[in-house]
Structures are given as structure tokens and as C-alpha cells.
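Any read-out appearing in this document is the output of simple, stated calculations on the displayed coordinates, not a laboratory observation. Everything numeric here is computed off the predicted structure, so don't read it as measured data. We place every Cβ from the backbone using ideal geometry, glycine too, and count neighbours over all the protein chains shown.
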Amino acid sequence: MQPQSIDDVIARLESIIDDAVARGDRIGYFAALYNRVTLAVREGIRTGEFQDGPRMERLDVTFATRFLDALDAWRAGQLPSRVWLKAFEATLSPTPVILQHLLAAMNAHITLDLGIAAARTCPGAELPGLKTDFDRINTVLASLTPTVEGEIGRDSPEFALLSRVAPAVENHIVGFAMDDARAMSWAFASALAPLPLQQQVPLMARRDDEAAIASAAILADGIFARVLRHKESTDVAANIRSLAQGEFRISVAAADVATAASIPA
């Protein structure tokens with residue numbers, strides 16, 4: 001059953017997390033992090049931090065359903081989008097490190113799903129009115145970067161060392177895909193929104209192809225991944241619990257401030 005509310009989304013994500021911990025399924029890495037973002041968005045809706053709370057809930061549910069439907073399709077032996085297929089297939093391998101799993105899933109969800117969700121929530125002339133709240137969602141997504149850095153550092157000593165010794169290099173590696181994806185997601189939504197649904201399909205297919213190429217680069221077993229893997233925890237269940245239980249008390253408004261403070265003058 002598809003979620004009808006943000007509470008339904010959280011319940012589904014928590015079920016995926018529990019199952020992933022029990023089975024040592026690496027999809028739990030993204031589900032754990034995504035659930036915390038969803039909790040932050042729910043709190044922002046409840047405290048009036050968005051211009052239109054009900055509309056934001058519709059966007060959140062539509063956005064999350066893209067991930068949930070892709071996962072259900074893959075588990076049922078059906079074909080999800082190419083970019084999600086790469087992220088899901090990677091969870092079957094012990095080779096990618098935690099960071100690669102997270103970035104591959106975030107790339108699929110932001111590069112492909114976010115623009116589609118926005119265009120479906122606010123089609124046609126309704127889309128421009130979403131821009132302020134869309135930017136606030138992007139702010140929450142941007143706040144993932146320090147969260148990912150801090151928590152992976154606990155399970156991956158080599159990543160923590162890189163963060164201390166060469167923070168500029170580490171920030172480039174973590175941020176490149178997400179910065180580009182977030183910057184392009186509104187343009188993608190703007191291209192889709194005016195079109196009939198059937199005419200959106202070729203644009204979605206092209207974006208899926210582009211995102212899949214990016215995921216291939218993210219998941220490549222290069223020197224950076226091999227260095228991180230050297231001392232990274234191989235206890236999948238413990239790593240998922242670490243991501244799921246971390247402190248994520250940031251509000252949407254606080255994320256605005258934090259993100260602005262991180263931008264060089």
C-alpha cells in the first residue's frame with residue numbers, strides 16, 4: 001500500500017530499517033539517513049516553517065514514494081529506473097564503502113526523483129509557487145553532508161582522518177554529486193511541469209541515463225574507496241544503527257542558517 005501521509009512514509013522507512021538490521025541489508029544505510037531527513041521535514045511542517053504545510057506533505061509523500069516503489073519493484077523482480085537499479089545492486093556487494101552506498105542512493109533520489117515529485121505535486125503554472133519551499137527541502141538535503149561526514153567517520157577511521165588532514169579534498173568528494181544534483185533538480189522540475197505526462201517520459205528517461213552514469217562513477221572501486229575500506233566497519237547492522245540513531249535535531253529554519261554559514265563569502 002502506498003503511503004498517504006508523512007507518518008506513513010516514516011512507518012515504511014522504519015520497517016525497512018528494522019528489516020535491514022535483521023538481515024544485514026545495506027539498503028538500510030540510505031533508509032536510516034532518509035528517515036531522519038523525513039522526521040526533520042515533518043517537524044518543519046508541524047511548526048509552520050514551510051509556506052504551505054499540506055502541500056509540502058504532498059511533495060514529501062510523492063518524493064518518498066518514488067524510492068519506496070523502486071525498492072518494491074526491485075525486490076519483486078521487476079525493473080526500477082536504471083539509477084536505482086545501480087544503487088540496489090550495489091547493496092549486494094561488500095565492495096562499496098558506506099559513503100558510496102549513501103551517495104549512490106542520494107544521487108538516484110535527488111537527481112531523478114526530486115524534480116519528478118515536484119512537477120507531479122505542482123504541475124504547470126502551479127510550480128513557481130513551490131520554489132521557496134522547494135529550496136527549503138534542498139536546504140535540509142544539503143544538511144546531510146555534515147551528518148554523513150560525522151557518522152561515517154565513526155565507522156570509517158580513514159574517512160575521519162581524511163576529513164581532518166585534507167578537508168577540502170573530502171568536501172569535494174562528498175559534495176560534488178549532491179551539489180550538482182540539487183542545483184539541477186529545480187530546472188528538471190521546471191522542464192517537466194508544463195508537459196502532459198506522456199511527454200514527460202522521454203525527459204525522465206534521459207535524466208535516468210545521466211544519473212546512472214553518475215552512479216557508476218560514485219560506485220567505482222578507485223583509490224579513495226580502497227583507502228576507506230581498509231579500516232571501515234564491516235558490521236552492516238551496527239553501521240545502520242549508527243546512522244539511524246544519530247543526533248539529527250536540525251530544524252528546517254536552522255538548516256537555512258547552517259547552510260548559509262557554510263558558503264564562502
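Side notes on the structure shown:
- Karplus 3J(HN,Hα) series, Hz, for the range 15-31 with 6.51 cos²θ - 1.76 cosθ + 1.60 (x for Gly, Pro): 5, 4, 4, 4, 5, 5, 4, 5, 9, x, 8, 5, 4, x, 4, 5, 4
- Length available on full extension from M1 to E14: 0.36 nm per residue minus the Cα-Cα distance, which gives 3.2 nm.
- With the highest mean first, a sort of the peptides 21-33, 227-239 on other beta-carbon atoms found within 10 angstrom per residue produces 21-33, 227-239.
- For the pair R241 and D72, the difference between a 0.36 nm per residue extended length and the Cα-Cα distance amounts to 58.6 nm.
- Percent RCO, i.e. relative contact order, over the range 1-146, from Cα pairs under 8 Å lying at least 6 residues apart: 27 percent
- With the highest mean first, a sort of the peptides 7-20, 54-67 on other beta-carbon atoms found within 10 angstrom per residue produces 54-67, 7-20.
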